[in-house]
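Every number here is computed from the coordinates shown, using simple stated rules; none is lab data. If you're wondering where the values come from, they're calculated on a predicted model, not measured in any experiment. Cβ atoms come from the backbone with ideal geometry, glycine included; neighbour counts cover every protein chain shown.
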Amino acid sequence: MMHIAIIQGHGHRSKSGQYRWDPGATSDMGQEADIVRAVADRARALGGSRVSIHDSDRDGPWTYTSRRESAHAAIGAGPGVVCHLHVNAGGGSYILGMYDPRSTTGAGLAGAWCSTVADLFDGRWRARCIAATRSTWNNAANLIEPSYAVTPAGVAAVLLELGFIDQPDHRDLLTADAIDTHARAILDAWP
């Protein structure tokens, strides 16, 4: 059974060593940080011990590095996936799964999720699966590359963008019902 270690984007962070709440992308649909935490919590509730959540709380630790190290410790030798959860901004019209361009395992896991999430949403939304390269997706590469460097065979990192928070057509992707569907897609894609 594959272990799924979820790292939610944004939330409790630090800037110059000082605590701050980082909401991520926001719109009238909500805050990215709240949406990805709801999806992670639902995946954990549905997936039980095969899902772990690696987050910061008000008291820290506040870095993605500490979250990533905790996720890798939970997976161990694998099989497993480090799953970075985010919501996009910029008005796009697709759901996005990304992986390190050197990782065939990551490409397969991201592809499985893209196929699964499109099916669970009855094909209403296009799901793109792409490599997170420095030239086009630098922020995603910053999160995925460090995992690629240390993961054993059978373990990979992916970054999932659950929709566009500023795309009115994506409102249905970010509702309570959609949170359940996103959580199920994560579990179904990676048995």
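Annotations for the structure displayed:
- GNM remark for the chain: springs join alpha carbons under 10 Å apart, and the peak mean-square fluctuation among A118, A176, A141 falls on A176.
- Unpaired cysteine residues in the chain (no second Cys Cβ under 4.7 Å): C83.
- Kirkwood hydrodynamic radius (C-alpha pairs) into Stokes-Einstein, the stretch 1-105, 20 °C and 1.002 mPa s, D in µm²/s: 145
- Taking the DSSP beta bridges with both ends in the stretch 3-189, the antiparallel portion is around 35 percent.
- Convex hull volume per residue, computed on the Cα atoms of the stretch 92-191, equals 92 Å³.
- Here the peptides 38-47, 124-133 are ranked by packing, the mean other Cβ count within 10 Å, and the order with the highest first is 38-47, 124-133.
- Counting every other Cβ atom within 10 Å of each residue's Cβ, S16, S49, S147 order from fewest to most as S16, S49, S147.
- Euclidean distance between Cα centres, the stretch 39-58 to the stretch 98-135, Å: 21
- When shorter helices are ignored and each DSSP H run of at least 4 residues is given -39500 (n - 2.57), the per-residue value for the chain at 222 nm works out to -12000 deg cm²/dmol.
- For the chain, the pair-distance distribution built from all alpha carbon pairs, in bins 10 Å wide starting at 0, is 10, 40, 39, 11, 0 percent.
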